[in-house]
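Q: Handing you a structure now.
The values are calculated or read from the model by the stated rules, or taken from the named source; none is laboratory data. These numbers come from a predicted model, not from an experiment. Here the Cβ positions follow ideal geometry from the backbone for every residue, glycine too, while neighbour counts run over all protein chains shown. The accessibility values were calculated without ligands, DNA or RNA, using every heavy atom of the protein model including side chains. Shrake-Rupley method; radii C 1.70, N 1.55, O 1.52, S 1.80 Å.
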Amino acid sequence: MELTVKQMDPEEFARQRKDVLAQWATGKEVNFEEAVEYHKNLPKSKVFAHKLEEGKRQGITYAQPRAGVALLNEHLELLRYLQDEGGADFLPTTIDSYTRQNRYAEAQAGIDESRSVGRSMLNGFPAVNHGVAACRQVVENMQVPVQVRHGTPDARLLAEITLAGGFTAYEGGGISYNIPYAKDVSIESTIKYWQYVDRLVGLYEEKGVSINREPFGPLTGTLVPPSISHAVAVIEGVLAVAQGVRSLTLGYGQCGNLLQDVAALHTLPMITEEYLKKLGYTNFNITTVFHQWMGGFPQDEAKAYGVISWGAAAAALGKATKVIVKSPHEALGIPTKEANAAGIRTTKQILSMLKDQTLPMTEELAFEEKMIINETRAILDKVLELGEGDIAVGTVRAFQAGVIDVPFAPSRFNAGKILPARDSQGAVRLLEFGNLPFGTEIKKFHQERIAQRGRDEGRDPSFQMVIDDIYAIGKGMLVGRPR
Ligand SMILES: CC[C@H]1O[C@@H](n2cnc3c(N)ncnc32)[C@H](O)[C@@H]1O
C-alpha cells in the first residue's frame, strides 16, 4: 500500500489482518466482535481513557510504573504489589524484548526456562505467547487500568492480542518505537505498521470502546531537545487521529532544567492541538505524560531517589496528567517489586505535596515556551512542505533530509548530525544543528547559551561537553562540569 496519512481502507486492513493473526498460534484467539463486548462490560474504573480525562478535569498528576515478568502468576503478583503497596494509579504490562522483535519462538523458550528455573528469564511479559485469556486475567485481577508498554517496530499482533485481552491503553508509534529501538527498519514500514495499530484502535472506538494511545515521548532518552521530541509526538498524534484514535496521551522525557521541562509540558498539548486542528481533525482528547529522567542513573539508591523526586516535582509543577516512575534500581537493571513500589511512593509523596502549587509564569518561562513552539513549528512546517501536505510522506522525507534528527539514535535511517549539550543552567541546547530547519535567530540563541557555559567553565564548547553531560546525572550532577 502507498504511504499516506489517509485512513486505511477496510480491504487493506482486512488483508493485513489475515496475515497478522496468522503470525503466531494465539492469533486464532482474537475475535473482534467478542472483544468489543468484553470491553463494554469492563467497569469504568478500568478504562484508561476515562480515568485520564477525569484526572485532566481535576488537575491531578497520576503515577505509573513500568513492570513485566515472564510468567502470568508472577506478573499478577508483581502488578498487585505495585498497585497495593506502591499506590500506582495506572499499571503497565511491560513486554519482553523477544516479543518486541516478533521473535515469539524465543519468547516461548524464555517462558519454558522461567518455569524450570523458577524466576523470570525474560525482561517483560510475553503477551503474544500467553494469549488473550491470560491478558484478561491481568485486567480482571487489577483494580486500576492497565497499559501495554513496549518498544515494538511491528506491533500489530501484540495489539490484536492485548486489546482483545482487555488492555485499554497502548504505548508506541511508527517513529518513536523505531528510531530508538531498531537499527535497520525503514521509517515507511513502521509508520505503516502503526497505522494498522491505530486503525484497529479506531475500529474499537467506532464500536464505543475507547482505547488510549500514547506515543513514546522520550525517544532515545538522552539529551533530546524538547522541540525534536514534540515534533515526533505531534506527527504520531496526527497519524493516530487520522486512523480514528480519540484518546491521545503525548509524552515528553525529562531533561532536568525545571523551566525547560515545565515549558515543554505546557507547550506539548498546545502545539499538538494546533496542528491537529490545522490539518482538519476535531474529535480527540489530549492528555500528557512526563517520563522521569531516562538517561544514566546514580548507582547509590539515595541519590537515585533524588533524581526520581526531581522528576516527580517537574511533572507536578508542569501539570502533567501522568508521570512514568523510575526506581532506585534503575542503574542496576530490572527493579525488584519492592524497589519499584518505593519509586512510586516517593513520586506520590512529591505529587501530593506539590498538587496545590503552580510555577509562576515568569519572563524566562514564557521565553522557553516561545523557543519550543517556534522550533517545533519550524520542523513541522518543513515536514508538511516536504510531504506536500501529507505528514506521513513528509516524515519519511524529513528523516532522509535530517530535518528530523534524534540524538544518539541507533537507526541508520536517522541522520545523526545534531549534537545536544546543556547550557550553564542545565537546559538542553544544540551544539551542532545538522540539517534542522532553524533560522539564525534560533541558532544564535543556542550558540550563545552554550558559549556562556564555555566561559563559565573556562573551556571552548566541544563534544567533550556532550560526553560530560551524558554521564553527569549518574555522577550526581546535572551539568557535566569539567573536573
Ligand atoms: C524504557 C526504559 C525503562 O524501562 C524500564 N524497564 C524495562 N523493562 C522493565 C521491566 N520489565 N520492569 C520494570 N522496568 C522496566 C527500564 O528500567 C528503564 O527505566
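Q: What does the C-alpha gyration tensor say about the overall shape of region 39-195? Classify as rounded when a/c is under 1.5, otherwise prolate if a/b is larger than b/c, or oblate.
A: Numbers: a/c = 1.79, a/b = 1.15, b/c = 1.56.
The shape class here is oblate.
Q: Express the relative contact order of the chain as a whole percentage, based on alpha carbon pairs under 8 Å and six or more residues apart in sequence. Can you show the working numbers first?
A: Numbers: 1024 pairs, mean separation 72.9, N = 483.
Computed over the chain, the figure is 15 percent.
Q: Let me ask you something else. Which ³J(HN,Hα) values, rounded to whole Hz and listed in residue order, are derived for region 383-395 from phi using the Karplus coefficients 6.51, -1.76 and 1.60 in 6.51 cos²θ - 1.76 cosθ + 1.60 with θ = phi - 60°, glycine and proline given as x?
A: 4, 5, 5, 5, x, 6, x, 9, 5, 5, 4, x, 5
Q: Over the chain, give the accessible area per residue in Å² for a 1.4 Å probe, as an integer.
A: Values: 18010 Å² over 483 residues.
Solvent-accessible surface per residue comes out at 37 Å².
Q: Keeping all protein chains in the complex and leaving out DNA, RNA and ligands, what accessible area do you get for residue 33 with a 1.4 Å probe, in Å² to the nearest 10?
A: 120
Q: Straight-line reach only, C-alpha to C-alpha below 22 angstrom: list the lysines that residue 183 could link to, leaving out same-chain residues fewer than 8 apart.
A: 192, 417
Q: For residue 429, what residues show an amide H to amide H distance below 5 Å, using hydrogens built from the backbone and excluding near sequence neighbours?
A: 421, 422, 423
Q: What do you reckon, how do 183, 192 stack up by accessible area (1.4 Å probe), largest on top? Walk me through the intermediate numbers first.
A: On the way: 183 145, 192 40 Å².
Order by accessible area, largest first: 183, 192.
Q: If one takes the longest principal axis of the Cα atoms in the chain, at what angle in degrees, from 0 to 90 and to the nearest 10, does the Cα axis of helix 187-206 lie?
A: 60
Q: Something else now. So for 84, 460, 469, what's the accessible-area order with a 1.4 Å probe, most first? Don't skip to the answer; put the middle values down first.
A: Working: 84 90, 460 125, 469 0 Å².
If we order 84, 460, 469 from most to least accessible, we get 460, 84, 469.
Q: Oh, and also: On the accessible surface of region 190-342, probed at 1.4 Å, how many percent belong to carbon and sulfur atoms?
A: Reported share for carbon and sulfur atoms: 54 percent.
Q: Cα centroid distance between region 362-382 and region 133-170, in Å?
A: What the calculation gives is 36 Å, centre to centre.
Q: A further question follows. Starting at the first residue of region 210-227, write each ³J(HN,Hα) from the Karplus equation 6.51 cos²θ - 1.76 cosθ + 1.60 with θ = phi - 60°, in whole Hz, x for Gly and Pro.
A: 8, 10, 7, 10, 10, x, 7, x, x, 6, 7, x, 10, 6, 7, x, x, 5
Q: Give the aspartates and glutamates reachable from residue 348 as a straight Cα distance under 16 Å; neighbours fewer than 8 places away on the same chain don't count.
A: Result set, ordered by chain and number: 84, 85, 89, 338, 356.
Q: Then there is this: I need the shape label for region 329-396. Rule: rounded when a/c is under 1.5, else prolate if a/b > b/c, else oblate, with a, b, c from the alpha carbon gyration tensor.
A: On the way: a/c = 3.92, a/b = 1.59, b/c = 2.46.
Oblate, since a/c reaches 1.5 and b/c is not below a/b.
Q: Here is a further query. Using only Cα atoms, tell me the angle between helix 10-21 and the longest principal axis of the chain; keep it within 0 to 90° and round to the nearest 10.
A: It is inclined by approximately 80 degrees.
Q: Report, by chain and number, residues whose modeled amide H sits under 5 Å from the one on residue 147, excluding near sequence neighbours (fewer than 5 apart, same chain).
A: 91, 93
Q: With θ set to phi - 60°, apply the Karplus curve 6.51 cos²θ - 1.76 cosθ + 1.60 along region 338-355 and write out the HN-Hα couplings as whole Hz, x wherever there is a Gly or Pro.
A: Result, ordered by residue: 5, 5, 4, 5, 5, x, 5, 5, 4, 4, 5, 4, 5, 4, 6, 6, 9, 5 Hz.
Q: Roughly how many Å² of residue 1 are accessible to a 1.4 Å probe, to the nearest 10?
A: About 90 Å², rounded to the nearest 10.
Q: When you count, for each residue, the other Cβ atoms within 10 Å and take the mean per peptide, how do 261-268, 23-30 rank with the highest first? Don't jump to the answer; show the numbers that get you there.
A: On the way: 261-268: 25.2, 23-30: 17.6.
My ranking of the peptides, most packed first, is 261-268, 23-30.
Q: Report Rg/Rh for region 10-112, rounded to two decimals, where Rg is the Cα radius of gyration and Rh the Kirkwood radius. Present the calculation step by step, with values, prior to reporting the outcome.
A: Working: Rg = 17.2 Å, Rh = 16.7 Å.
On the Cα set of region 10-112, Rg over Rh gives 1.03.
Q: Give, rounded to the nearest 20 debye, the magnitude of the charge dipole that the chain has about its Cα centre when Lys and Arg contribute +1 at Cβ and Asp and Glu contribute -1 at Cβ. Can you show the working numbers first?
A: Numbers: 53 positive and 58 negative charges, 92 e Å.
For the chain, the charge dipole is close to 440 debye.
Q: Taking the Cα centre of region 201-352 as origin, work out the dipole magnitude from +1 charges on Lys and Arg Cβ and -1 charges on Asp and Glu Cβ, in debye rounded to 20. Intermediate values should be presented prior to the final figure.
A: Working: 12 positive and 11 negative charges, 52 e Å.
In total the dipole reaches around 260 debye.
Q: For region 271-331 and region 35-100, write down the distance between their C-alpha centroids in whole Å.
A: 17
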